[in-house]
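For reference, the structure is listed below as structure tokens.
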Amino acid sequence: MLAKLILASLLLTASLAQAQPSLPQLVKAGPSTQLLVDGRPFLILGGELGNSSSSSTAYMQPIWPKLTAMHLNTVFAPVYWELLEPTEGQFDFKLVDELLADARKYQIKVVLLWFGAWKNSMSCYAPAWVKTNSGRFPRATDAQGRPQEILTPFSPANLEADKKAFVRLMQHLKQTDSRTHTAIMVQVENEIGMLPEARSYDPAAQTAFAQPVPDKLLAHLQREKANLRPEFATQWQRHGAKTQGTWTEVFGPGVATDEIFQAWYYADFTNSLAAAGKAAYPLPMYVNAALNHRPDRLPGQYPSAGPLPHLLDVWEAGAPSIDILAPDYYNPNFRYWSDLFTRNGRPLFTPEIAFEPGDDAKALYAFGHYNCLSFSPFSIESTDKPAQEPIGKVYGLLQEVTPLLTKYQPLGAVRGFMQAKDSAAGHATLGDYRFTVKHDNTLGWTPDAKKPEWPLTGGLLISVAPDEFYVVGTGLVITCEPTAAGKKAGFVSIDEGHFINGAWVPGRRLNGDQDHQGRHIRLELGNYGIQRVKLYTY
Ligand code: DGJ
């Protein structure tokens, strides 16, 4: 009898464990970081909604099928503080509940964007009872003391009000979504940054500025001395790498110090929110940065003190509860910014990128080269032709190869490529072969090659054995040579095909004109495909 009871209780525990799979979480896998959703590595093939779309469930209805047509597995959608807590202490979760219910219907996961105290620097989504009571909820001010429509991070009242609402949101998610995990991550605030000065001059800010630099930051500088990003380390070392003192003593006088100071207090505020939110329901959390694209602009001329490349060390020290600091890409220099954000082994997470031609190539490159966790064009619903969107075609392929990618990324067996007209050839050594990757137009024989503009193209290469590879993408031509000296490489076979329910289903064999009689692998411009390649040496 006892044995039967023990067995029954074991079975119950096992079935409960099955019914309640683990929460979404970030884990280290080899050199890369992976997002686990329902226990499996998950690549966010996402899109961010325009700011106002998810404020109306009805407005969202025609959008969902568009997302499905583009093979999105995740949508980034705002939660608006003013609509969640229209009256102080009274919370209305209807919009959030309807958003998640619709997402479940379409089998799409959601990253929730907390439009709380700050949205693109401003406090435009703070509730009316906050906005209209600046005595209780003080504003940031410029150097002349003029108030801005920006809540100051130096006010405990601002923090408490924002935190209370954020925690209620996380508690609500725990109650309503902890079995289904439709909401998989949370962005805390949106593009935090001070304008029109590098820092606030409100009375509380002035008091804080006259204080010593907090020990927590100084200890971080000491501990991480050898790993600080160079542009930040220089600012500290130039003034004697001091281990105590006021902000101007430690970092010197000027706007660079003003920005570091403001960044510390933004990070501290955001960290309080994230820590309290995670205590209620520990989803992975990140913050996003409005990048400064023009080096001639000073902090305050661009939104100062967000999680920018030169302030990553400050944000990491001040906001340990934030898992990821992420760039919003609104300029063509994808590699430049991604390289800056992935320093020190940090994962790349793309929460927003301008929705424009070339996103297809950038997505392939991001997942292949940076092992990135997320890709997400902004205002994704703005297309009228979702089925024809290049990003949707790429997402379709990436969904098919996600199990392969996430298996081989931690083993270092994946490479990504992105080729423009003026790009040098890409190179990779994988398995027993060295690959050279060029734009498809470099073949020179197609009408496209004669056009003045060449579209950005991209792809990725996965090595599943020393002589067996999958190539995924568009507009590339790839040649191979063995790493062994004195040998040449040949193709045993190249097959196009698809993964259907996880199993490889080959289509055409491409061993004639399509691989130029064994000279190269070709992913034609304008076509999106997967090819399985087997090589041999002779
Ligand atoms: C970046 C912001 O984070 C978004 O909310 C939106 O305002 C876009 N800019 C508009 O380009």
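The values are calculated or read from the model by the stated rules, or taken from the named source; none is laboratory data. Remember, it's a predicted structure, so these values are computed and weren't measured experimentally. Every residue, glycine among them, receives a Cβ derived from its backbone with ideal geometry; neighbour counts consider all protein chains shown. Areas reflect the complete protein model, heavy atoms only, side chains present, ligands, DNA and RNA absent. Shrake-Rupley method; radii C 1.70, N 1.55, O 1.52, S 1.80 Å.
Residues in the range 237-255 that are surrounded by fewer than 19 Cβ atoms within 10 Å (Cβ to Cβ), of a type in the set (A, V, I, L, M, F, W, C) and either over 17 Å from Asp202 (Cα atoms) or free of Cβ contacts under 8 Å to residues at least 40 places away in the same chain (or both): Ala241 only.
The single condition among (1) within 16 Å of the ligand (Cβ to nearest atom); (2) open to solvent by less than 30 Å² (accessible area, probe 1.4 Å) that Leu195 does not meet is (2). Determine if the range 84-103 includes at least one residue that is open to solvent by 60 Å² or more (accessible area, probe 1.4 Å) and within 16 Å of the ligand (Cβ to nearest atom). No, because not a single residue in the range 84-103 is open to solvent by 60 Å² or more (accessible area, probe 1.4 Å) and within 16 Å of the ligand (Cβ to nearest atom).
Of note, Tyr281 does not satisfy the criterion of being of a type outside the set (Asp, Glu), more than 23 Å from Ala205 (Cβ to Cβ) and within 16 Å of the ligand (Cβ to nearest atom). Remark: Thr152 matches the filter, which requires a residue to be of a type in the set (S, T, N, Q) and more than 25 Å from the chain's Cα centre (by Cα). Where residues in the range 468-495 are out of contact with any Pro (no Cβ under 9 Å at 6 or more places or on another chain) and outside any strand (DSSP E or B), which of them is farthest from Ala363 (Cα to Cα)? That would be Gly486. A Cβ distance below 9 Å, combined with a sequence gap of six or more or placement on separate chains, defines the contacts here; from the range 164-188, residues that are within 23 Å of Ser121 (Cα to Cα) reach no residue that is crowded, with 17+ Cβ neighbours inside 10 Å and at pLDDT below 95. Note on the range 170-203: residues that are part of a helix (DSSP H, G or I) and either touching a strand residue (DSSP E or B) at 6+ places or on another chain (Cβ under 6 Å) or within 28 Å of Pro309 (Cβ to Cβ) (or both) amount to 2. Of everything in the range 41-62, what is surrounded by 20 or more Cβ atoms within 10 Å (Cβ to Cβ) and away from the ligand (no atom under 16 Å from the Cβ)? Give them in sequence order. Across the range 41-62, the qualifying residues are Phe42, Leu43, Ile44, Leu45, Met60. Just one residue in the set Gly318, Gly368, Gly306 is open to solvent by less than 40 Å² (accessible area, probe 1.4 Å) and within 22 Å of Gly396 (Cβ to Cβ); that residue is Gly368. Restricting attention to the range 128-154, the residues being surrounded by fewer than 21 Cβ atoms within 10 Å (Cβ to Cβ) and in a loop (DSSP other than H, G, I, E, B) number 11. Report yes if some residue within the range 287-309 is assigned to a helix (DSSP H, G or I) and either within 16 Å of the ligand (Cβ to nearest atom) or in contact (Cβ under 8 Å) with a residue 40 or more places away in the chain (or both); otherwise report no. Yes; the residues of the range 287-309 include at least one that is assigned to a helix (DSSP H, G or I) and either within 16 Å of the ligand (Cβ to nearest atom) or in contact (Cβ under 8 Å) with a residue 40 or more places away in the chain (or both). Taking first residues from the range 338-351 that are under 19 Å from Gln187 (Cα atoms) and partners that are of a type in the set (Gly, Ala, Ser) and within 16 Å of the ligand (Cβ to nearest atom), the Cβ contacts under 6 Å between residues at least 6 apart in sequence or on separate chains come to Phe349/Ala326; Phe349/Ser374; Thr350/Ser374; Thr350/Ser376; Pro351/Ala326; Pro351/Ser376.
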